[in-house]
Amino acid sequence: MFNETHVTIDLAALQHNASIAKRSASGSKVMAMIKADAYGHGLLPVAKALQHVDGFAVARLSEALVLREAGFNKTILVLTGFSCAEELECFVLHDLDAVVHSEYQVSRLTQSSLQSPLSVWLKINTGMNRLGVNSPDVMRISDALQLSGNVRLPFKLMTHLACADDMNRTVTEEQIELFDESVKGLAGEQSIANSAGLLGWQYSQRHWVRPGIMLYGGCPFAGKPAADYDLKPVMTLKSSVISLRTVSKGDCVGYGGSWTAQRTSLIATVGIGYGDGYPRHAVTGTPVLIGGQKAPLVGRVSMDSISIDVSQCEGVAVGDVATLWGDGLPIDEIAEKSDAISYELMCGITERVTRIVKGLSDGE
């Protein structure tokens, strides 16, 4: 019987990784990043498994409302904040925290009539140059927020690290220094550290840390295995061998004939492709785990299948399980071979892939 292409989400591994985050920043509160459907792992199952953290962060208001409607009462931070009066009222109604990152949001907030004050995280641009108010404007904006009856005081202060994944660069130190200069004299709780900051830059651990990729078992540092930090894979993607074919020396495999057999070879076709979320740009040599044995991808990835050279493997048969990433095969290794990052692979699993969630009992 063939094994349907499926992804398994191990919530026990997720909880283990969250405990690593908490232990690594024992003096900080943990804001778990569960945006983008919890990095493709499932928003509500992940939130349920992480109920012991201090708060959740999502990118959009719609994600926050799903959490509130499901009964989650803890702090929920919306990283893009609000963009109009209607959204602002929704934040207040559902007791959501908003990142304020732009002048127009400050104006909207201070000029509105709200039923109750809003919990605000003022985001400061220290070098990411994506969202955040610039350092010279912080004190002026802080004064406006403090004088507004629409803001719950003291408001929180945050920034985002651009290069914390590279321990050899000085950018992170410069960002932290600029942040500290910008907020000097302000009383609010602070948040700087993402996963890389949390694990690699202890001084970035303030009142709140914001782990993301490390929760899901990805390493935030390029070229380093997640196992070095005792992180466990949460997502495992599997399919099965649907065909075996012997090709002769000189035969080509796949679209464009980009791979040519250098000897008589046994090729396994595995029933997964970019239509399922396997990276189309995975190169020849990208490893696949079949029967506990690593074998290389050959040729181009198709929409529904990939070709694997199993000539050096023992006992491969039609129906055998193939692991594409996860348990036994780090996702970071596949991302590196695909000119991608683990975040992209996690978020890219398509709807036609069966999802299996394990690790929590029904009573939890």
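Coordinate-derived values only; no laboratory data. These figures come from a predicted structure and were not determined experimentally. Cβ placement follows ideal geometry from the backbone for every residue including glycine, while neighbour counts extend to all protein chains displayed.
Counting other beta carbons within 10 Å of each Cβ, put ILE267, ILE356 in order, fewest first.
On the way: ILE267 22, ILE356 11.
Going from least to most buried by this count: ILE356, ILE267.
Computed FRET efficiency, Cβ-Cβ of ASP230 and GLN115, R0 41 Å: what is it to the nearest 0.05? Numbers along the way, then the final one.
Values: r = 46 Å, r/R0 = 1.12.
Approximately 0.35, to the nearest 0.05.
Determine, at each q value in 0.09, 0.12, 0.13 (inverse angstroms), the log₁₀ of I(q)/I(0) that the Debye formula gives when each Cα of segment 35-189 is one equal point scatterer.
Results for segment 35-189 at q = 0.09, 0.12, 0.13 Å⁻¹ read -0.31, -0.55, -0.64.
Quick one: dipole size for the chain, taken about the Cα centre, charges +1 on Lys/Arg Cβ and -1 on Asp/Glu Cβ, in debye to the nearest 20.
About 200 debye.
What translational D, rounded to a whole number of µm²/s, comes out for segment 206-251 from Stokes-Einstein when the hydrodynamic radius is the Kirkwood one over Cα pairs, at 4 °C and 1.567 mPa s? Working shown, then result.
Working: Rh = 14.4 Å.
The estimated diffusion coefficient comes to 90 µm²/s.
How far apart, in nm, are two points set 7 Å out from the Cα along the Cα-to-Cβ line at CYS252 and at GLN51?
With each label point 7 Å from Cα toward Cβ, the separation is 5.8 nm.
Once the Cβ-Cβ distance between ASN168 and SER26 is put in as r, and R0 is 30 Å, what FRET efficiency do you end up with, to the nearest 0.05?
0.65
Taking θ as phi - 60°, what are the ³J(HN,Hα) couplings along segment 120-132 by the Karplus curve (6.51, -1.76, 1.60), each to the nearest whole Hz, with x for Gly and Pro?
10, 10, 7, 9, 10, 7, 10, x, 5, 6, 10, 10, x
Stokes-Einstein D for the chain at 37 °C, 0.692 mPa s, Kirkwood Rh over Cα pairs, in µm²/s? Don't skip to the answer; put the middle values down first.
Details: Rh = 22.3 Å.
The calculation lands on 147 µm²/s.
May I ask you to sort LEU345, LEU114 by Cβ crowding, counting other Cβ atoms within 10 Å and putting the fewest first?
Working: LEU345 25, LEU114 17.
Exposure proxy ranking, most exposed first: LEU114, LEU345.
Any idea what diffusion coefficient segment 115-216 gets from Stokes-Einstein, in µm²/s, Kirkwood Rh on alpha carbon pairs, 10 °C, 1.306 mPa s? Don't jump to the answer; show the numbers that get you there.
Working: Rh = 14.1 Å.
It diffuses with D of about 112 µm²/s by this estimate.
What spacing in nm lies between the two simple spin-label points modelled at LYS74 and TYR203, each 7 Å away from Cα in the Cβ direction?
So the two model labels end up 3.0 nm from each other.
Express in nm, to one decimal, how much length is gained between SER62 and CYS84 on full extension, taking 0.36 nm for each residue of separation and deducting their alpha carbon distance.
Working: separation 22, 0.36 × 22 = 7.92 nm, distance 1.41 nm.
Contour length minus Cα-Cα distance gives 6.5 nm.
Label point 7 Å out from GLN262 along Cα-to-Cβ: which residues of segment 305-348 have amide N under 15 Å?
Zone members listed by number: 309-312.
Please list, short to long, the whole-number percent of alpha-carbon pairs of segment 235-358 in consecutive 10 angstrom bins beginning at zero.
Whole-percent P(r) values from 0 Å outward: 14, 49, 32, 6, 0.
Cα centroids of segment 159-233 and segment 1-58: how far apart, whole angstrom?
Their Cα centres are 18 Å away from one another.
Taking only the alpha-carbon positions of segment 1-67 and ignoring solvent, what does the Debye formula give for the base-10 log of I(q)/I(0) at q = 0.13, 0.18, 0.29 Å⁻¹?
Rounded to two decimals, the profile gives -0.41, -0.70, -1.34.
Under 20 Å from a point placed 7 Å out from the Cα of GLU189 along the Cα-to-Cβ direction: which residues of segment 18-36 have their backbone N that close?
18-35
Counting C-alpha atoms alone, how compact is segment 282-326: give Rg to one decimal and Dmax as a whole number, in angstrom.
For segment 282-326, the Cα radius of gyration and maximum Cα-Cα distance read 10.0, 27 Å.
Treating the angle as unsigned and between 0 and 90°, give the value, to the nearest 10°, between the Cα long axis of helix 138-147 and the longest Cα principal axis of the chain.
Tilt relative to the chain: about 60 degrees.
Tell me which lysines have Cα within less than 21 Å of LYS35's Cα, excluding those fewer than 8 residues away on the same chain?
LYS22, LYS48, LYS74, LYS123, LYS156, LYS232, LYS358
Can you work out ³J(HN,Hα) from phi for every residue in segment 100-117, in order, using Karplus 6.51 cos²θ - 1.76 cosθ + 1.60 and θ = phi - 60°, giving whole Hz and x for Gly and Pro?
9, 10, 9, 4, 5, 5, 4, 4, 4, 5, 6, 9, 8, 10, 10, 5, 8, x
Which angle from 0 to 90°, rounded to the nearest 10, does the C-alpha axis of helix 171-182 make with the longest principal axis of the chain?
For 171-182 against the chain, the angle is about 20 degrees.
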